[in-house]
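Working notes for the structure below.
The values are calculated or read from the model by the stated rules, or taken from the named source; none is laboratory data. Quick caveat, the model's predicted, so the values are computed rather than measured. Note that each Cβ is placed from the backbone with ideal geometry, even for glycine, and that neighbours are counted across all protein chains shown. Heads up: the accessible areas ignore ligands, DNA and RNA and are worked out on the full protein's heavy atoms, side chains in. Shrake-Rupley method; radii C 1.70, N 1.55, O 1.52, S 1.80 Å.
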Amino acid sequence: MLRVLILGGIGDAVELAIKIANIPGIEVITSLAGRTREPANLPGNVRTGGFGGVRGLTNYLREMQIDLLIDATHPFANQISENAAAATQEVGIPRLMVIRPPWEKLEDDDWLEVEDNLAAATTLANRAKRVFLTIGRQEIGTFAHLQEIWFLMRMIDPPNTDVIIPPGLILCDRGPFNLENEQEILLKYNIDTIVSKNSGGNATYPKIIAARKLGIKVVMVNRPPVPPGKQVADVDSACKWLFDKLDISLQNGK
Ligand code: NAP
């Protein structure tokens, strides 16, 4: 039996857990940070909450006798990915990162690429009036000083009460989103600029297509670096990697 820990928090991790949960010889545990109030239904075992840094994760991997770790976290969740790299190295177990490719700028896109949310906020000052802010809820405070700008802020759950909120409107919604709705939102709120993380994938891409069609600027926050290690671009490739590991473990009589 191979015990697999999936670090989750996004749709790819759910899809992966569903694909491998009923495979004989594999036992799945998905770990969630616990940020979302109503996470998606997951098969197999689920644990929730931080591990307590590298040391906590290392202890968890040992105590639970995890054989393999698949890091299927969001491309911007770089702290947990760094922790996973260090902890799996310490314990000596294989680790795979599932990293969907970033979106590429097309000819008709009007993108300004920046390295983080702080740079995005700096860019907006004196350039934008009505902004669709789609970076989630954790870092909206970075934009709170921009009192001359009106923000439409979309996130899954409302922000914590201790966060200073930029002027504007909060829209709680969860992807996937469709092109028609995204166009409607941009027109209804008279948006001139979108701020987006370069998350990749299809679920939140329609807003980028809508911006292209309507000639709206996008401030695109580029991804943080990933730790070194084996990576694949999609869930099917992750399954293949896992099946290869399962074959090896069966050959070794585990
Ligand atoms: P982060 O900065 O990389 O992680 C911060 C801390 O949260 C980690 O050190 C860890 O705490 C805990 N943590 C993160 N992911 C975890 C997981 N899957 N299981 C257990 N603990 C976890 O991550 P983040 O950007 O705050 O994102 C949190 C979660 O939301 C991630 O699972 C990610 O996949 C998901 N998510 C993030 C974004 C985004 O834009 N960042 C978007 C969509 C979904 P300890 O050090 O105590 O272990």
Would you check if residue 95 is closer than 17 Å to residue 198 by Cβ and crowded, with 21+ Cβ neighbours inside 10 Å? no
When you scan the stretch 142-155, do you find a residue that is open to solvent by less than 20 Å² (accessible area, probe 1.4 Å) and basic (Lys, Arg), even just one? yes
Within the stretch 156-167, can you find the residues that are touching a helix residue (DSSP H, G or I) at 6+ places or on another chain (Cβ under 9 Å) and open to solvent by less than 80 Å² (accessible area, probe 1.4 Å)? 159, 163, 165, 166
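A quick yes/no check of all residues on (1) surrounded by fewer than 18 Cβ atoms within 10 Å (Cβ to Cβ); (2) within 18 Å of the chain's Cα centre (by Cα); (3) under 15 Å from residue 25 (Cα atoms):
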{"position": "205", "(1), (2), (3)": "no, yes, no"}
{"position": "210", "(1), (2), (3)": "no, no, no"}
{"position": "231", "(1), (2), (3)": "yes, yes, no"}
{"position": "240", "(1), (2), (3)": "yes, no, yes"}
{"position": "243", "(1), (2), (3)": "yes, no, yes"}
{"position": "249", "(1), (2), (3)": "yes, no, yes"}
{"position": "252", "(1), (2), (3)": "yes, no, yes"}
Let me confirm something: among 175, 168, which residue is at positive phi and of a type outside the set (A, V, I, L, M, F, W, C)? 168
I'd like to verify a number: residues in the stretch 80-92 that are among the polar types (S, T, N, Q), more than 11 Å from the ligand (Cβ to nearest atom) and open to solvent by less than 50 Å² (accessible area, probe 1.4 Å), how many? 1
Residue pairs, Cβ under 7 Å, 6 or more apart or interchain, first in the stretch 42-60 and on the phi > 0 side of the Ramachandran plot, second within 9 Å of the ligand (Cβ to nearest atom) and in a strand (DSSP E or B). List them. 44/30
For the stretch 107-140, how many residues are of a type in the set (Val, Ile, Thr) and in a helix (DSSP H, G or I)? 3
I'd like to know if the stretch 178-201 contains one or more residues that are within 17 Å of the chain's Cα centre (by Cα), of a type outside the set (Ser, Thr, Tyr) and surrounded by fewer than 18 Cβ atoms within 10 Å (Cβ to Cβ). no
Determine, yes or no, whether residue 75 is open to solvent by 30 Å² or more (accessible area, probe 1.4 Å) and modelled with pLDDT of 95 or more. no
I need a count of the residues in the stretch 89-106 that are free of Cβ contacts under 8 Å to residues at least 40 places away in the same chain, among the β-branched types (Val, Ile, Thr) and in a loop (DSSP other than H, G, I, E, B). 1
With the requirement that a residue be β-branched (Val, Ile, Thr) and over 17 Å from the mean Cα position of the chain (by Cα), what does the stretch 27-81 give you? 28, 29, 46, 54, 58, 66
